[in-house]
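Okay, structure first, notes after.
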Amino acid sequence: AQTVTQSQPEMSVQEAETVTLSCTYDTSESDYYLFWYKQPPSRQMILVIRQEAYKQQNATENRFSVNFQKAAKSFSLKISDSQLGDAAMYFCAYRSLNTGNQFYFGTGTSLTVIP
Amino acid sequence: EAGVAQSPRYKIIEKRQSVAFWCNPISGHATLYWYQQILGQGPKLLIQFQNNGVVDDSQLPKDRFSAERLKGVDSTLKIQPAKLEDSAVYLCASSFGAPNQPQHFGDGTRLSIL
């Protein structure tokens, strides 16, 4: 089974600064999808950004962007101009195109935004 | 668009009792997932349905957990009998079938076992 590793259990960033959350994954598949989800204290997880493995261009959504390094199996999330509302748990997820399109989640990174 | 609905929001039971959770996915979403999220960990897939068929239940403790998705819409997850280690948040998510489509999550049910 695929594994997703988030090596930073906790991160903090000053408001308006930039922070990068790391994610690595292990797979033998050549095509798949990657996602970053945000889980605020209210608990509902919401999608932040997605990346198709066959696309070389890094995905961007407003202040959120990714650095996708397919050969290194790395998928980091960069948050620019951090805001207080960005404080949450962030989960990296891998979606296989085999095994029933199953999602595999990392253990999460807790992000604190310091005013 | 209405989101994924889950109930109850909280549940407290004693060990060896039974409990059931309900999930109503977003209309049109063929795929439905149940996850267990233990405090401080990422979600762990328990079972995945495609319409009313099971796609993956390899991590479902079948001696005590069961799930069904009758008519390919609503789903229920049951635990009987509950153990202390079942204390967790149980998340339901749904998505369209295409692999590039993300999951949409409900608010979850926080289960505490005494």
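Screening the range B:4-40 for residues that are outside any strand (DSSP E or B) and in contact with a Cys (Cβ under 9 Å, 6 or more places away or on another chain) and picking the one that is farthest from the other protein chains (Cβ to nearest Cβ) gives B:Pro25.
Taking the numbered list (1) part of a loop (DSSP other than H, G, I, E, B); (2) modelled with pLDDT of 95 or more; (3) away from chain B (no Cβ under 14 Å) in turn, A:Thr112 passes all entries but (1).
Across the range A:82-101, what is the total count of residues that are within 10 Å of chain B (Cβ to nearest Cβ) and either crowded, with 21+ Cβ neighbours inside 10 Å or under 16 Å from the mean Cα position of the chain (by Cα) (or both)?
We begin by selecting, within the range A:82-101, every residue within 10 Å of chain B (Cβ to nearest Cβ); these are A:89, A:91-93, A:95-101.
In the following step, the residues that additionally are either crowded, with 21+ Cβ neighbours inside 10 Å or under 16 Å from the mean Cα position of the chain (by Cα) (or both) were identified as A:89, A:91-93, A:95-96, A:101.
Looking only at that region, the number is 7.
Selection of the range A:18-54 for residues being at the interface with chain B (Cβ under 10 Å from one of its Cβ atoms) and either small (Gly, Ala, Ser) or in a loop (DSSP other than H, G, I, E, B) (or both) yields A:Asp31, A:Ser42, A:Arg43, A:Gln44, A:Met45. Scan the range B:41-58 for residues that are more than 8 Å from chain A (Cβ to nearest Cβ) and either touching a helix residue (DSSP H, G or I) at 6+ places or on another chain (Cβ under 7 Å) or not in a strand (DSSP E or B) (or both) and report the count. Residues in the range B:41-58 being more than 8 Å from chain A (Cβ to nearest Cβ) and either touching a helix residue (DSSP H, G or I) at 6+ places or on another chain (Cβ under 7 Å) or not in a strand (DSSP E or B) (or both): 4 in total.
Per the conditions (1) assigned to a strand (DSSP E or B); (2) basic (Lys, Arg); (3) surrounded by fewer than 17 Cβ atoms within 10 Å (Cβ to Cβ), the sole criterion not satisfied by B:Arg110 is (3).
The values are calculated or read from the model by the stated rules, or taken from the named source; none is laboratory data. Please read all numbers here as calculations on a predicted model, not as lab measurements. Ideal geometry is used to build each Cβ from the backbone, glycine not excepted, and the neighbour counts take in all protein chains shown.
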